[in-house]
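Visitor: What follows is a single structure, and I will ask about it in a moment.
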Amino acid sequence: MNRDPLDPLTALRPWEAPEVTSWGRLPMNAVDRRSESLPLDGDWRFQLLPVPDAPVGGPWSSAHVPGVWTMQGTDDLPQYLNIRMPFAEFPPLTPSANPTGVYEREVSVPADWAGRRIVLQVGAAESVLLVHVDGRPVGISKDSHLAAEFDLTGLVAPGSSSTLRLTVVKWSDASHIEDQDQWWHGGITRSVLLYATDPLHLADVTVRAAYSGELRVDCRVRDAGGALPEGWYVSGDLDGLPLTQDTEFDRLNAEDERVSDFLGEARMGATVPEVRTWNAETPELYGLTVRLHRSDGTVADMSYHRIGFRDVEIVGRDLLVNGERVYIRGVNRHDFHPLTGRTVSYDDMRADLVLLKRFGFNAIRTAHYPNDPGLYDLADELGFYVVDEADIESHDHAHEIADDPRYLNAFVDRVSRMVLRDKNHPSVIIWSLGNESDYGANHDAAAGWVRRHDPTRPIQYEGAAKLGWADPGVASDIACPMYAPLEDCVAHALSGEQTKPLIQCEYSHAMGNSNGTLADHWAAIESTPGLQGGFIWEFWDHGILQRVSDGRPVGRGGAGLYDNGVAAPGYRWAYGGDFGERLHDGAFIADGVVFPDRTPKPVMYEHREIAAPVRIEAYRHEGIVLGNHQHFRGLDWLSGEWELSLADGRVLTAPAELPDLRPGQTAAVPLPFALPVDGGEAWLTLRITTAREEAWAPAGTVVCLPQVRLREATVSAVENRSGTVQVDDDGLLVHPLLAAAPALSLWRAPTDNDELGGMALRWRAWGLDALVRKVVDMRWDGDQVTVLAEYAAEVGVVRHVQVFTPVEGGVRIEESAELPDALADVARVGSVFETVPGLDLMEWYGPGPWESYPDRRTAPVGHHSVPVDELFTPYLRPQESGGRNGVRHFRLSAPDATGIAVALDEPRQVSVTRFRAEDLSSVAHHDQLVPRPGCVVHIDAAHRGLGTASCGPDTFPSYLVAPGVHRWSWTLRAL
């Protein structure tokens with residue numbers, strides 16, 4: 001950095017001047033210059049200074065651009081905080097220790113750029129960017145998530161080399177409004193490039209493409225040399241269809257004395273016959289080319305846009321796309337990567353959206369800032385509704401900043417620049433003013449700018465909406481609450497007072513083993529007019545790959561050191577506190593529907609089935625009733641296959657011919673099988689796959705697995721007694737394949753929801769994690785044994801009865817547990833036992849194959865087979881996982897087919913893993929776990945739902961475990 005005290009970039013300490021949002025920065029626009037640019041990405045000379053005004057000196061190291069220095073070997077490591085700022089100073093002040101990165105490299109400007117306008121674009125920098133060329137000041141920019149452009153025309157010479165220096169100050173007044181729930185980093189996080197234009201150039205292009213096929217294109221033109229020359233004009237075409245000049249617009253501009261000579265405005269238009277409209281299901285795009293001509297007709301500048309024809313409007317309490325009320329099946333998404341922090345590649349983003357599309361999501365909220373520009377291109381192409389959110393979150397000081405006039409310019413600047421950049425994307429259907437920043441005059445000012453500039457889209461802001469979901473006087477056209485209880489949402493929709501669409505900006509928190517009641521939410525949404533969906537928090541677990549040996553982030557070289565959500569030996573997924581931070585918020589950063597390597601968590605499969613485009617509505621005498629639950633698309637892009645699963649193990653398949661159904665229609669199709677008279681319980685599944693290659697999936701990709709039960713289970717008669725039962729002196733079952741006998745379990749390794757929701761604290765206080773068993777009575781009735789045991793909790797005694805009866809080839813176990821009234825809401829009531837080593841395969845009949853729990857169990861019933869080691873779900877912080885809800889019977893076997901078989905009296909919650917509950921609850925990371933050689937098996941008569949209480953409502957009362965008497969029985973046999 002130039003240390004001249006007269007340097008305007010440093011003299012006023014812009015990192016502590018909220019009124020200064022930029023200096024020397026060009027206006028934001030929607031003209032994309034990336035394709036014809038000179039990329040400057042790569043390794044730059046780098047120094048990390050302790051403070052912004054420290055002298056540059058000493059040896060240079062190297063840093064990769066784009067990238068954060070916190071992931072590239074410096075001593076300034078990542079830090080995670082949710083709400084609290086990482087320093088104590090109040091806005092707009094910064095801490096005395098303020099890491100400042102100085103990036104420097106030589107730039108050779110092409111000789112053929114002589115006479116052209118030369119512009120530097122820095123894609124994003126956290127949090128204040130200062131630019132110098134050959135020691136001369138160029139400009140300043142704030143806003144860590146939008147590009148900054150600077151005119152270098154008079155500072156660099158085509159055909160020669162110049163020294164470009166980018167100085168990035170980590171902490172600033174802007175940090176106080178970038179207090180998002182994510183890792184704190186520092187650096188240049190998006191690409192840096194140079195581009196050149198003719199002095200006469202397109203300054204901006206605004207596209208409005210309506211559902212009707214009407215197209216309007218507004219152009220702004222500037223001449224870097226001064227006044228616009230005589231005779232300039234613009235032309236355009238839409239995939240070869242010429243646009244026509246709006247001569248009336250030209251005439252009015254010519255007569256309007258407000259239009260000055262240095263800025264030209266032109267308008268073109270067209271009406272597209274039989275227009276193919278854009279929506280998230282059929283994202284039809286057209287290619288728009290805009291050309292700027294000199295007076296001799298030669299092209300001075302050109303801009304290309306992929307556009308979609310669609311309308312967005314609010315009518316009454318409904319958000320409409322192209323006149324249709326659409327469900328918003330959304331997720332909140334950060335720009336994140338476990339090796340590069342905030343820097344994401346185009347391939348990364350495409351993989352994100354392809355995965356979301358395959359699991360039934362159709363919407364993204366860019367939490368909580370404008371995402372990388374490539375994301376919007378992909379959302380246009382693949383089909384997503386986007387809530388585009390401004391880079392404003394003042395969580396720790398929200399109330400003070402919302403009305404602080406010093407930050408007024410920053411609010412308007414960030415919102416307006418987002419709109420100017422992204423306004424031509426059909427995927428963007430809603431503008432968001434930011435997140436968790438209270439509500440004040442600064443928000444109203446930003447909203448006023450948006451309403452004037454872009455009346456074609458609604459605005460939302462949760463901080464305004466919370467003042468009143470129906471209040472017309474706040475800066476939110478949508479009621480977008482955060483984690484509102486479902487009963488409150490339904491009551492509002494039924495109250496007669498609702499005036500706005502209710503679409504929760506966050507409604508289900510995916511921290512650890514979570515997202516309970518997701519299906520219940522969608523059952524209410526789809527049956528209650530006025531409710532239209534919401535956004536799950538969030539897409540990613542923000543685990544950073546870390547070497548265990550030295551505690552350092554692995555950085556860019558770590559590809560291949562993780563698989564299926566699990567880090568390789570010697571590595572782990574780091575969360576808050578793992579980099580030695582004194583202030584941190586722990587594993588709260590691990591709250592996504594995918595693991596850090598993008599491996600789907602079980603909730604993704606739950607969501608896929610909830611969002612199924614094809615549903616089985618009913619089973620009637622005339623056959624199966626199918627329904628099309630899409631908004632715009634028929635079923636011709638899908639294919640199907642029927643599968644009939646019988647409890648006795650038989651599986652029948654047949655091709656399915658899907659009916660020609662328009663959105664919302666239903667039709668009955670014949671039952672594909674003659675139902676066998678025997679075989680017990682019977683389930684019919686319709687396997688829906690893509691019939692041909694889609695942009696987001698190859699042909700044959702599973703889309704959903706709707707299912708209906710054709711026949712109830714039959715009750716088996718109690719078998720005749722045969723053989724003997726062995727129990728030891730403590731009343732514990734003795735069996736050659738069991739390493740630990742069945743005992744009562746009321747405890748689970750607390751989930752994140754259990755810990756943060758306060759349940760785990762209560763369970764520990766009751767002593768449920770360390771129950772002591774005492775045998776009170778043992779009785780023999782011939783070959784039947786009854787054992788009465790008591791377990792002393794801090795608030796009462798639990799009485800547990802086990803009755804062991806020999807049956808052919810095994811033993812029948814009938815159990816009951818009586819919980820005192822004080823033990824309301826325990827984790828589980830059931831049996832736990834352990835097997836001998838070698839039983840490595842689990843086969844079961846019930847929902848699956850993915851993990852399920854009482855309030856997250858939308859999985860098809862059938863016969864499933866999974867290795868025991870793959871049943872466990874490696875949530876970043878070890879906790880209860882691997883459960884399967886509704887299991888009818890299962891077996892655990894060795895390679896030679898020996899093992900055990902368990903038949904349950906009715907569908908039960910079962911888990912089989914290598915870990916006891918105390919193994920999981922006693923460690924912070926998976927690298928600290930030591931798998932047990934045998935299987936730890938839980939059979940639960942009742943198991944508490946998961947809920948989302950780490951940040952949101954707990955599970956519903958119907959999914960809690962009540963006190964009183966619980967009974968269950970099961971039969972254990974050797975194979």
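Coordinate-derived values only; no laboratory data. Small disclaimer: the values here were computed from a predicted structure and weren't measured. Every residue, glycine as well, gets a Cβ built from its backbone with ideal geometry; the counts of neighbours run over all protein chains shown.
Visitor: Starting at the first residue of the stretch 896-906, write each ³J(HN,Hα) from the Karplus equation 6.51 cos²θ - 1.76 cosθ + 1.60 with θ = phi - 60°, in whole Hz, x for Gly and Pro.
Guide: Computed from phi, the couplings for the stretch 896-906 are 8, 6, 7, x, 10, 10, 10, 10, 9, 5, 7 Hz.
Visitor: Quick one: grab the alpha carbon gyration tensor of the stretch 313-354, order the square roots of its eigenvalues as a ≥ b ≥ c, and give me rounded if a/c is under 1.5, else prolate or oblate depending on whether a/b is larger than b/c.
Guide: Values: a/c = 4.24, a/b = 3.12, b/c = 1.36.
Since a/c reaches 1.5 and a/b is larger than b/c, the shape of the stretch 313-354 is classed as prolate.
Visitor: Extending each Cα 7 Å along its Cβ direction at VAL797 and SER922, get the distance between those two points in nm, one decimal.
Guide: With each label placed 7 Å out from Cα toward Cβ, I get 2.9 nm.
Visitor: Right, something else. Mind pulling the per residue volume of the convex hull built on the Cα atoms of the stretch 381-444? Å³ is fine. Before the final figure, lay out the partial values.
Guide: On the way: hull volume 5.0 nm³, N = 64.
Taking only Cα atoms, the stretch 381-444 has a hull volume of 78 Å³ per residue.
Visitor: No other cysteine beta carbon under 4.7 Å away is the test; run it over the chain and list who passes.
Guide: CYS219, CYS489, CYS704, CYS935, CYS951
Visitor: Would you work out the Kirkwood radius for the stretch 346-427? I mean one over the mean of 1/r across all pairs of different Cα atoms, in Å. Don't jump to the answer; show the numbers that get you there.
Guide: Details: mean 1/r = 0.0712 Å⁻¹.
Computed over Cα pairs of the stretch 346-427, the Kirkwood hydrodynamic radius comes out at 14.0 Å.
Visitor: Follow-up. Could you work out the longest stretch of the chain that avoids the GluC sites (Glu not before Pro) located in DSSP loops with at most 12 other Cβ atoms within 10 Å? Don't jump to the answer; show the numbers that get you there.
Guide: Numbers: sites that count: GLU230, GLU257, GLU274, GLU497, GLU622, GLU657, GLU693, GLU712, GLU794, GLU808.
Formally, the longest exposed-site-free interval is 1-229.
Visitor: Under a straight-distance cross-link criterion of Cα-Cα below 13 Å, which aspartates and glutamates are reachable from LYS142, leaving out those fewer than 8 residues away in the same chain?
Guide: Straight-line reach from LYS142, under 13 Å: GLU16, GLU19, GLU126, ASP173, GLU178, ASP391, ASP413.
Visitor: Another one. Step by step: find N for the stretch 519-659, compute 2.2 N^0.38 Å, then divide the Cα radius of gyration by it. What's the final number? Each step should come with its number before you reach the end.
Guide: Working: Rg = 22.1 Å, N = 141, 2.2 N^0.38 = 14.4 Å.
That works out to 1.53 for the stretch 519-659.
Visitor: Return an integer: the convex hull volume of the alpha-carbon atoms of the stretch 212-307, in Å³ per residue. Let's see the in-between values first.
Guide: Values: hull volume 11.3 nm³, N = 96.
Enclosed volume per residue, from the Cα hull, is 117 Å³.
Visitor: Net charge within 12 Å of VAL548 by Cβ-Cβ distance, Lys/Arg positive one each and Asp/Glu negative one each, not counting VAL548 itself?
Guide: 0
Visitor: Based on the alpha carbon coordinates of the stretch 835-975, what radius of gyration and maximum Cα-Cα distance (Dmax) apply, in Å?
Guide: Rg, Dmax (Cα atoms, Å): 15.3, 48.
Visitor: Around TRP970, under 9 Å between beta carbons, what's the net of Lys plus Arg minus Asp minus Glu among the other residues?
Guide: Values: positive: ARG812, ARG908; negative: GLU814, GLU815, ASP905.
Net charge around TRP970: -1.
Visitor: Scan around LEU638 for amide H atoms under 5 Å from its own, H built in the peptide plane at 1.01 Å from N, and keep only partners 5 or more places away or cross-chain.
Guide: ALA691
Visitor: Now a separate question. Using the Cα centre of the stretch 212-307 as the reference point, and only Cβ charges (+1 on K/R, -1 on D/E), how large is the resulting charge dipole? Debye, rounded to the nearest 20. List each step's numbers first, then the result.
Guide: Details: 10 positive and 19 negative charges, 54 e Å.
Using only the charged Cβ atoms, the result is roughly 260 debye.
Visitor: Report the net charge of residues surrounding GLY154, where surrounding means a beta-carbon distance below 11 angstrom and charges are Lys +1, Arg +1, Asp -1, Glu -1. List each step's numbers first, then the result.
Guide: Details: positive: ARG117, ARG136; negative: ASP151.
With Lys, Arg at +1 and Asp, Glu at -1, the neighbours total +1.
Visitor: Could you work out the mean projected area of the convex hull around the alpha carbons of the chain, in square nanometres to one decimal? Provide the component values of the computation, followed by the final result.
Guide: Values: hull surface 172.8 nm².
The directionally averaged projection comes out at 43.2 nm².
Visitor: What is the P(r) of the stretch 1-119, as percent of Cα-Cα pairs per 10 Å bin from 0?
Guide: P(r) for the stretch 1-119, in whole percents per bin: 10, 29, 37, 21, 3, 0.
Visitor: Let me ask another. Treating cross-link reach as a plain straight distance, find the lysines whose alpha-carbon is under 30 Å from the alpha-carbon of LYS357, omitting any fewer than eight places away in the same chain.
Guide: Here the lysines satisfying the reach criterion relative to LYS357 are LYS423, LYS500, LYS601.
Visitor: From zero up to wherever the largest Cα-Cα distance of the stretch 613-705 sits, split into 5 Å bins and tell me the percent of pairs in each.
Guide: Going out from 0 Å in 5 Å bins, the stretch 613-705 shows 3, 13, 22, 24, 18, 11, 6, 3, 0 percent.
Visitor: For the peptides 195-201, 151-157, 891-897, what is the packing order when you average, over each peptide's residues, the other Cβ atoms within 10 Å and list the highest mean first?
Guide: The most tightly packed comes first, giving 195-201, 151-157, 891-897.
Visitor: Under 5 Å between amide hydrogens, which residues at least 5 positions from ASP204 or on another chain qualify, with H placed 1.01 Å from N in the peptide plane?
Guide: It is ARG220, by chain and number.
Visitor: Give the Cα extents of the stretch 738-974 along the principal axes, in whole Å, largest first.
Guide: Principal extents (largest minus smallest coordinate, Cα): 51, 40, 33 Å.
Visitor: Calculate I(q)/I(0) for the stretch 282-434 by the Debye formula, one identical point scatterer on each C-alpha and no solvent, and give its log10 at q = 0.13, 0.20 Å⁻¹ to two decimals.
Guide: -0.73, -1.29
Visitor: Could you tell me, in Å, what Rg and Dmax come out for the Cα atoms of the stretch 927-975?
Guide: Computed over the Cα atoms of the stretch 927-975, radius of gyration and Dmax are 16.3, 45 Å.
Visitor: Which three extents, in angstrom, do the Cα atoms of the stretch 8-197 have along their principal axes, listed largest first?
Guide: Here the spans come out as 51, 37, 31 Å, largest first.
Visitor: A follow-up question, please. Take the alpha carbon gyration tensor of the stretch 813-885, find the square roots of its eigenvalues, order them as a ≥ b ≥ c, and report rounded if a/c is under 1.5; if not, report prolate when a/b exceeds b/c, else oblate. Mind showing how you got there, number by number?
Guide: Values: a/c = 1.62, a/b = 1.47, b/c = 1.11.
Because a/c hits 1.5 or more and a/b exceeds b/c, the stretch 813-885 counts as prolate.
Visitor: Just to confirm my numbers, what's the Cα centroid distance between the stretch 656-710 and the stretch 89-144 in Å?
Guide: 56 Å
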